[in-house]
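Just below is one structure, and these are the notes that go with it.
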Amino acid sequence: MVQFLRLLNKTMDNKINSLKLNKKDHKIYLILNFLLFVILFFLAIFIIYKIIFPSQYFTYSFANVNSLKNTITDVNLSDQAINFYASTALNFSQVKINLELSQSNNQLENKKISTQKSYKSFFYPQGDNLINLGNKEENRLISIDNSVFIVGNNQMTPIDSTLTFESLGYNWDNVAENKSDLSTYEKLKLADTNAAHPTGTILKTTEDDDFYFIENRTKRKILNPQIENIKNAILINSSSLDTKENCALEKSVLLAKEYQCTLNLSSLRVLHGKDYRFELNDLPANLIIKQIDLEFKRYPSKENFQFFLSDLKKKILYRFGIEKFE
Amino acid sequence: MMPFKINSNQKIIIYKLLNNLLVVLLIFWGLALMGAGFLPEFISTQFSFLKLTLLLLAIIFLIHWISEDFQLNNVELKKNDKTLPILPIIFSASTLTLSILNFSLFPIIISIIITLAILFYFYKITLK
């Protein structure tokens with residue numbers, strides 16, 4: 001590294017050799033140059049560290065509910081409970097939750113906040129069972145130019161990126177070129193990583209091969225699915241509904257209006273899905289929440305480094321077509 | 001106009017440091033771009049290409065602004081610097097190869113023809 005920097009420095013000095021400095025200024029230049037390279041070196045180390053052990057921030061301000069800076073979604077606040085979602089394609093070890101109140105309220109102390117992981121659509125309330133798919137239409141994945149759309153039930157949802165496509169659990173092998181007229185289809189909002197599966201999606205549990213049909217923000221169990229007709233089932237875990245992580249809120253040491261706790265996500269890591277659903281029940285009366293902040297972290301450990309390497313290997317094999325994406 | 005007074009030697013120091021910073025950040029930008037080509041969205045989820053590109057443009061602007069006072073006529077490409085275009089050619093070829101992976105044949109042919117044409121004119125401009 002030092003050799004490389006010396007060589008680089010020499011090259012640069014040759015390039016601008018018409019600009020001579022006196023001995024004193026040249027010394028200052030060398031010191032500053034050394035400091036510059038040291039800063040850049042640590043910056044590079046920091047970026048590599050952030051790639052291997054990433055963190056991601058989410059926020060929601062109740063003072064500006066329409067702000068584009070709000071990355072926490074589907075916030076549902078009632079008199080006694082609050083639930084909300086944070087969606088991420090990455091896997092994390094823990095999440096630090098911070099609730100900022102308008103006024104200090106000691107009744108929030110020790111209240112438990114819980115989280116579950118799956119897809120938003122699997123957290124939908126359960127509707128009536130379906131005997132079979134009958135006249136229900138399963139969504140298809142089609143490509144038009146360089147874009148991929150979820151198409152079905154007279155609606156089409158464009159997908160914003162490959163990351164969103166994969167984080168929604170879709171398989172590239174199921175994308176077909178469009179050959180039909182879609183001009184009468186209603187074009188829905190662009191799907192990003194916060195998106196929920198649209199009506200017409202079929203979910204399949206990995207544990208017991210149960211199938212669910214998503215329709216108008218409800219999930220309907222298909223009692224007799226004709227598996228050969230189902231093309232784009234999204235894998236989910238039935239245990240996602242029962243597996244929860246909890247932590248008890250504590251008053252911040254520095255700020256009286258803030259309550260914090262840290263959730264361990266290790267048991268949720270193996271579950272399919274990109275959406276973390278947070279829930280806080282038994283809210284004290286007259287509580288006014290000003291802001292919610294979440295910080296997802298992957299802390300540096302041997303296990304997380306091995307996880308990074310296996311994830312890297314999986315993505316490289318998939319990228320070069322050696323292995324299929326799961 | 002400088003917002004504060006600095007002498008010509010200090011300007012030279014700043015100019016040289018900015019040049020060094022530009023080269024290191026360009027190398028970093030190239031490596032990050034190659035990394036993103038190798039594994040799309042693995043790097044970009046934690047790292048903003050837009051911010052780095054804006055920083056590079058800001059540094060280029062600063063270098064241009066400071067260098068207005070200098071006589072830089074002696075700065076020329078040396079003979080052995082003619083090997084320098086090989087780096088962008090290797091870089092372009094690698095990023096092109098990574099970007100056309102999994103493409104069908106027709107877009108691959110079009111992309112290769114256009115890239116070869118650009119590289120040919122790049123060669124004509126820099127080496128002729």
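Observations on the structure shown:
- Phi-derived couplings, Karplus 6.51 cos²θ - 1.76 cosθ + 1.60 at θ = phi - 60°, listed residue by residue for region A:103-116: 9, 4, 9, 5, 5, 6, 4, 6, 5, 8, 10, 10, 9, 10 Hz, with x used for Gly and Pro.
- Neighbour-count ranking [beta-carbon atoms within 10 angstrom, fewest first] of A:T206, A:T199: A:T206, A:T199
- Per-residue Karplus couplings for region A:247-263, computed as 6.51 cos²θ - 1.76 cosθ + 1.60 with θ equal to phi - 60°, are listed in order as 8, 9, 5, 10, 5, 5, 5, 8, 10, 5, 8, 10, 10, 9, 6, 10, 9 Hz, Gly and Pro entered as x.
- Other residues lying with their Cβ under 13 Å from the Cβ of A:V148 contribute a combined charge of -4, Lys and Arg counting +1, Asp and Glu -1.
- Spin-label model, B:F122/A:N66: points 7 Å from Cα along the beta carbon direction are separated by 4.7 nm.
- Rounded, prolate or oblate (a/c below 1.5 giving rounded, otherwise prolate when a/b exceeds b/c) for region A:19-171 by Cα gyration tensor: oblate
- Taking the longest Cα principal axis of chain A as reference, the axis of helix A:2-15 is set at about 70 degrees.
- Proximal charge balance of A:Y259 [Cβ under 10 Å; K/R count +1, D/E count -1]: -1
- Prolate/oblate/rounded call for the protein assembly as shown, Cα gyration tensor, a/c under 1.5 rounded: oblate
- Near B:N7, once Lys and Arg are set to +1 and Asp and Glu to -1 for all other residues with Cβ below 15 Å from its Cβ, the sum equals +3.
- Listed residue pairs exceeding 29 Å between alpha carbons, taken from A:K219/A:K314; A:K112/A:K313; A:K69/A:K111: A:K219/A:K314; A:K112/A:K313
- Over the protein assembly as shown: helical MRE at 222 nm, DSSP H runs n ≥ 4 each giving -39500 (n - 2.57), nearest 500: -11500 deg cm²/dmol
- Net length available on complete extension from A:L309 to A:E228 is 25.6 nm, with 0.36 nm assigned per residue and the Cα-Cα distance removed.
- Rounded to the nearest whole Hz, the Karplus-based 3J(HN,Hα) values (6.51 cos²θ - 1.76 cosθ + 1.60, θ = phi - 60°) of region A:30-42 follow the sequence 4, 5, 4, 5, 4, 4, 4, 5, 5, 4, 5, 4, 5, with x at glycine and proline.
- Compared with the dominant principal axis of the Cα atoms in chain A, helix A:302-319 is inclined by about 70°.
- Relative contact order [Cα under 8 Å, 6+ residues apart], region B:1-75, whole percent: 42
- The antiparallel fraction among DSSP beta bridges confined to chain A stands at about 85%.
- Charged side chains reduced to their Cβ positions (Lys and Arg at +1, Asp and Glu at -1) give region A:128-258 a dipole of some 380 debye around its Cα centre.
- Overall form of region A:138-268 per C-alpha gyration tensor (a/c, 1.5; a/b vs b/c): prolate
- Sites A:L241 and A:D192 - FRET efficiency at Förster radius 25 Å, r taken between beta-carbons, to 0.05: 0.50
- When only Cα pairs below 8 angstrom with a gap of at least 6 residues are kept, region A:140-237 shows a relative contact order of 25 percent.
- Relative intensity of region B:1-75 on a log10 scale, I(q)/I(0) at q = 0.12, 0.13, 0.24, 0.27 Å⁻¹, equals -0.45, -0.51, -1.09, -1.26, per a Debye sum over C-alpha point scatterers of equal strength in the absence of solvent.
- The value of relative contact order for chain A, using C-alpha pairs under 8 Å at least six residues apart, is 31 percent.
- For A:I234, distant residues with modelled amide H under 5 Å away: A:I202, A:L203, A:K204
- In plain terms, the residue of A:I202, B:I110, A:I47 with the fewest other Cβ atoms within 10 Å comes first and the most crowded comes last, giving B:I110, A:I47, A:I202.
- A full extension of the chain between A:V38 and A:E137 corresponds to an added length of 29.7 nm, given 0.36 nm per residue minus the alpha carbon distance.
Any read-out appearing in this document is the output of simple, stated calculations on the displayed coordinates, not a laboratory observation. Computed from a predicted model, the values in this text were never measured in an experiment. Neighbour counts are summed over all protein chains in view; Cβ atoms, including those assigned to glycine, are modelled from backbone coordinates with ideal geometry.
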